[in-house]
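Input: a single structure, listed below in structure tokens.
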């Protein structure tokens, strides 16, 4: 399988975009997580050839619009992934979580028809194996108590994305940080 690797700038750092010949997104990850990206590509596709190339204009434009505040700009982007049947079901369910909302691992498990509360562990593992960050919004899944658990890009990026989408209030500097020295 021949795949194209492109670099996309973002407020969260450079992104690595992997697309196929049909301009479907196969992977999107943070450039500083290259090892994870390559591991997931190997897990999902076995052998592949990765060539450098320009990002498809429609995908690059949609990502730019998203980061500029058009929060629904990613909705129409086509993704294609490998993965197990459970993983693909979880990733499809992630795309149904509306912008500005979050869900828990256990609620996502129930939505997928799992009654056993321990299924949330499997859902979390599938969520963590998502090769298409941001477009397949695994960042919208949080702990049952509201904790920002497990995001491969790091908790600071998860918080930024959720704040950007309006699912979390923006953090404010502590009052002490706003006081001038000597006052």
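Scan segment 155-169 for residues that are without any contact (Cβ under 8 Å) to a residue 60 or more places away in the chain and closer than 22 Å to residue 18 by Cβ and jot them down.
Selection gives 158 alone.
Please state which one of 27, 31 is surrounded by 13 or more Cβ atoms within 10 Å (Cβ to Cβ) and farther than 16 Å from residue 74 by Cα.
None of the other options fit; the residue is 31.
Can residue 120 be described as assigned to a helix (DSSP H, G or I) and buried (at least 18 other Cβ atoms within 10 Å of the Cβ)?
When the stated conditions are applied, residue 120 passes them.
In segment 19-43, what residues are over 14 Å from the mean Cα position of the chain (by Cα) and without any contact (Cβ under 8 Å) to a residue 60 or more places away in the chain?
Across segment 19-43, the qualifying residues are 19, 21, 22, 23, 24, 32, 34, 35, 38, 39, 42.
Take the conditions at pLDDT 95 or above and either over 17 Å from the mean Cα position of the chain (by Cα) or assigned by TED's automatic domain parsing to the domain that holds residue 19 (or both) and apply them to residue 113. Does it pass?
When the stated conditions are applied, residue 113 passes them.
Could you list all residues from segment 95-113 that are out of contact with any strand residue (DSSP E or B) (no Cβ under 7 Å at 6 or more places or on another chain) and either within 19 Å of residue 162 (Cα to Cα) or not in a loop (DSSP other than H, G, I, E, B) (or both)?
95, 96, 98, 99, 100, 101, 106, 107, 109, 110, 111
Out of all the residues in segment 70-82, is one or more modelled with pLDDT under 95 and more than 13 Å from residue 135 (Cβ to Cβ)?
yes
Give the residues of segment 63-81 that are part of a loop (DSSP other than H, G, I, E, B), in contact with a strand residue (DSSP E or B) (Cβ under 9 Å, 6 or more places away or on another chain) and surrounded by fewer than 17 Cβ atoms within 10 Å (Cβ to Cβ), sorted by residue number.
Selection gives 78, 80.
The values are calculated or read from the model by the stated rules, or taken from the named source; none is laboratory data. Note that the coordinates shown come from a computational prediction; the quantities given were computed from them, not determined experimentally. Quick reminder, even Gly has a Cβ in these numbers, built from the backbone with ideal geometry, and neighbours come from all protein chains shown.
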